1. Evaluate the relative contact order of the range 217-429 (contact order divided by residue number), counting alpha-carbon pairs under 8 angstrom at least 6 apart; express in whole percent.
2. When only DSSP loop residues count, what chymotrypsin sites (Phe, Trp or Tyr not before Pro) in the range 374-414 have their Cβ near at most 14 other Cβ atoms within 10 Å?
3. Add -39500 (n - 2.57) for each DSSP H run of 4 or more in the chain, then divide by its residues: what number comes out at 222 nm, to the nearest 500 deg cm²/dmol?
4. Largest first, please: the extent of the C-alpha atoms of the range 5-209 along each principal axis, to the nearest Å.
5. Using only the Cα atoms, work out Rg/Rh for the range 372-428, with Rh taken as the Kirkwood radius, to two decimals.
6. A 26 angstrom limit on the alpha carbon distance is what I want to check against. Which of 258/397; 38/348; 38/138; 98/636; 68/98 exceed it?
7. Run the Debye formula on the Cα coordinates of the range 541-583, all scatterers equal and no solvent, and tell me log10 I(q)/I(0) at q = 0.27 1/Å.
8. What does the charge count near residue 148 come to, summing +1 for each Lys or Arg and -1 for each Asp or Glu among other residues with Cβ under 10 Å from its Cβ?
Amino acid sequence: MKIYYAKSDTKTGEKRVTNKEHLSKVADLAYEFGLEIKRPEEAKVAGLFHDTGKYGERFQGVLSGVNKGVDHAFSSAALLYLKKDLMQKVHSSSVRKKYEPIIESIQGHHDRLISMEELEEEFCEVIKDPQMDACPSKQIPSLRGPEEFREAINAFKNDFPTYHFPKLPERKFENQVENMLDTRMLFSCLVDADYSVSASDKEPDYLEKNSGSQLNAEEALKVLYKHCEELRKSSKADSKINKIRNQVFDICGDAGEKQTGLFTLTAPTGVGKTLAMLHFALRHCQKNKMRRIIIVLPFLSLAEQSEKEYCKIVPNILVDHSQKNLPKEIREFASRWDAPMIITTSVKFFESLFADKPGDCRKLHSIANSVVVFDEAQSLPTELAPATVKAVNALCKRYNCSMVFSTATQPSFDALPDIEWNPVEVIPENKKLYDQMRRVHVEWRLYKNGERLNNRRTSLEQIADEMASETSVCTIVNLRRHARKLFNELKNRCDSDEEVFLLTTDLCPAHRSAVIDKIKDRLNPDSPKPCRVVATQCIEAGVDLDFNVMYRALAPLEAIIQAAGRCNRNGCLPDGGKLIVFEVMEDEGYPGTFYEKAATEVRCLWAENEKIGLDLDNPETIQSYYNRLFQETKGKVALNNALKSKDYRNVASEYQLITNKSVQLIIPWSERKNLFDNIRLRLEEKGLTAEIMREVAPITVSCFEKEWVEQHAEPLYFWKRVNGTRVKLESGYYILNVGHEKYYDEKLGLKMGEIEAKDYMI
């Protein structure tokens, strides 16, 4: 009896793992993962058939080094399609629906997901035609023609003589988002099982080494309570504020005793939501025996910052924002999300739910039976909201997840047309909190009916004049060119010994952190010093600063409220803080159409409520704003079309939280110049590596002006050996050329001479 192999030694070419052994192991492990998503039998079928395309001479020739460019995954999918007699349409449509996600997962487990509707014709062709020369991957099918498929089926029967197809449950879905997510979950089980088994063949303890510890909610709660007690003792906030924070913490903890489902945590800025929602999550995990906590944040900087806070409570936290710049020892954890707590970004989390590639989908089954907390949930683009809400609902209903949307400006997703949104509010009496947390008076300087109101000058020069007369003040503008102009105007109005600070994304992360530390030192209530700051949106979320006066250029309501949250944060000013919302007189501009649309809705809402005032501390104001914003939102047309046709590739490409791609520029900031020089030497020796990417993250600036970068910086490449030859692979990383240090300013950050930096929301 002929023995078919699945693997061979990459160095010697020696065949060492039989296909029977490999299929059995993957099927068993896929079954385990399938239990997590309540699809164990489908996962096992996928595991058992995923490499049946290796039962043929063409693939065996690949293992011997005779053949190249052979696709076994497509043939494996075609074999299952044939074996279930699906192409004959003998079985009912229900059988077809049951097997569609399995076949799609098998076909895509080395490449990408493609719908069975797209594949069907090619399946029929490869089964019938011995001469078919290519499949969707543009490679040669490992099996083609009736004779080869017959031989492969017989080989499978010889290896698994007693196998019978299980009775699979019916698949019913409320919408296409839910349907496609279900396939991705199954796909995730197969991909993770296949990769893990293959890795274990080379490294027997692979799974043991790359499986995280279990969440010990009880122990973490003890640490959390102790940590909070220490914070209370050292707090310098007003006693009234401290009392409110303690109440919110306790309410959130008690709410954690509820059954799993969809939640909102709506509370004003400054009430301590970070620790309160962790209290909820830990109590919820303990009550409902859930596996892990996933914290989803809007910005990369917040992910790294939050890690410092959460690590004090929960050990073995995984921060996953980009696997490329993660240390080697935890990169597999990031692929699998097997840790008690995951901290990731909105981009990483949501785009994975709509992805089509194995690497992006591998971790999805790990989301099941988890508490997922969306911190600053208001950051989602409006046009993607309908699809996103459907995915969130599916995770709650089908995979035993609890999804928590935590923000001071809770989006009213129920205003979206034809969208189900029925969350449980963690803090039901939150309106009282908003009343109790009033710490800021708002002055509005906006256009009315196309005309600027009299005596309300809002030129940047005027803002600079007013800032110069204050000792604790910050202005947030929407564009970097506005920030630089205002910064220069303000410097000219202040004494030479009075430092003025600028915070934008033109400063590398390490530089920005250093500036923030200086600002915090000057704002220290025990020894306050004059502090004047000009910033863009990078200061709004997650940066714990407290000014007496804030200026905010007109922006979406959530951004204005976030700015207000950086004013009189601890409630220590007897007359309250002051927020001035203005429009830039000389040069209007916004970083994107969505941002502009949202800002326009704020102006309209203000004009309608001018007489009574637009109350930022009233949840009804926030609800009115989102009702206006979502009223006519039917979602992104191209995305809707891709969903309708079950086009995995286009769904993945259209569901993008960041549409403008940047390049990464490594810069020689003076305080990390030694690191810059060291990295340059290592790049010459090794090229770009994951380790280097991780090390240079603090001195890297995201830049959208690729042409300028190409003129002033050297492109970096990954080096890869192919058949003994070193091949360069593009990375999207650059390093500033020697002698071009002048382009990085110690105050302004990256500057490009006459080139005006583009402004995008990131």
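1. On the way: 347 pairs, mean separation 59.9, N = 213.
28 percent.
2. On the way: sites: 374, 399, 405, 413; in loops: none.
Answer in residue order: no site qualifies.
3. Values: 29 runs with 343 residues, N = 762.
It lands at -14000 deg cm²/dmol.
4. Principal extents (largest minus smallest coordinate, Cα): 52, 45, 33 Å.
5. On the way: Rg = 11.0 Å, Rh = 11.9 Å.
Here the Rg-to-Rh quotient is 0.92.
6. Values: 258/397 15 Å; 38/348 24 Å; 38/138 34 Å; 98/636 29 Å; 68/98 34 Å.
The answer is 38/138; 98/636; 68/98.
7. Debye curve over Cα of the range 541-583, log10 I(q)/I(0) at q = 0.27 Å⁻¹: -0.94.
8. Values: positive: 58, 144, 150; negative: 57, 147, 151.
Result for the neighbourhood of residue 148: 0.
Taken together, the values in this text are just the output of simple stated rules run on the coordinates, not laboratory data. Please read these numbers as outputs of a predicted model, since none were measured by experiment. No Cβ is skipped: glycine too gets one built from the backbone with ideal geometry, and neighbour counts run over all protein chains shown.
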